1. Select from the chain those trypsin sites (Lys or Arg not before Pro) which occupy a DSSP coil region and have at most 10 other Cβ atoms within 10 Å, ordered by residue number.
2. Restrict the search to the chain; then list the chymotrypsin sites (Phe, Trp or Tyr not before Pro) that DSSP places in a loop and that have at most 16 other Cβ atoms within 10 Å of their Cβ.
3. Work out the FRET efficiency for Ala70 and Lys42 from their Cβ-Cβ distance, taking R0 = 22 Å, and round it to the nearest 0.05.
4. Report D for the chain in µm² per second (integer): Stokes-Einstein, Kirkwood Rh on Cα pairs, 25 °C, 0.890 mPa s.
5. Compute the relative contact order of segment 19-71 as a whole-number percentage, counting only Cα pairs closer than 8 Å that sit 6 or more residues apart in sequence.
6. So what's the net charge close to Ala35: Lys and Arg +1, Asp and Glu -1, counting the other residues with Cβ under 15 Å from its Cβ?
7. For the chain, modelled as a GNM with alpha-carbon contacts under 10 angstrom, which of Thr24, Thr11, Thr48 fluctuates the most?
8. Among all stretches of the chain without exposed GluC sites (Glu not before Pro) (DSSP loop, at most 15 other Cβ atoms within 10 Å), which one is longest?
Amino acid sequence: MAYDIAYRDETLYAFLPPGQYNITVEESDNKSLVAEEKFEFKAERIYTIYIIGNVVNVELLQSVDGNTYACI
């Protein structure tokens, strides 16, 4: 879905059908797995996944965007 995102980069929104998705974060040099987490995306919602931390301590956070309520 999104590849080679550098530090401080952002991506455009992508449409995904509702459901559960496994989000993985890999190192760009050697493709080793840094973090992995399962998220559920519901219909009629706009989400952002934040990837925070550093290679040894990465955390993925799911947030419902405020725009969700302006678009319904």
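Every number here is computed from the coordinates shown, using simple stated rules; none is lab data. Just so we're clear, the structure is a prediction, and the values are computed from it rather than from any experiment. Cβ placement follows ideal geometry from the backbone for every residue including glycine, while neighbour counts extend to all protein chains displayed.
1. Working: sites: Arg8, Lys31, Lys38, Lys42, Arg45; in loops: Arg8, Lys31, Lys42, Arg45.
Passing both the DSSP loop test and the Cβ count: Arg8, Lys31, Lys42.
2. Values: sites: Tyr3, Tyr7, Tyr13, Phe15, Tyr21, Phe39, Phe41, Tyr47, Tyr50, Tyr69; in loops: Tyr3, Tyr7, Tyr13, Phe15.
The qualifying sites are Tyr3, Tyr7, Tyr13, Phe15.
3. Numbers: r = 17 Å, r/R0 = 0.76.
Once the sixth-power term is evaluated, E becomes 0.85.
4. Details: Rh = 13.5 Å.
The diffusion coefficient I find is 181 µm²/s.
5. Details: 77 pairs, mean separation 15.0, N = 53.
Computed value for segment 19-71: 28 percent relative contact order.
6. Surrounding charge for Ala35 is -3.
7. Thr11
8. On the way: sites that count: Glu10, Glu27, Glu44.
The reported range is 45-72.
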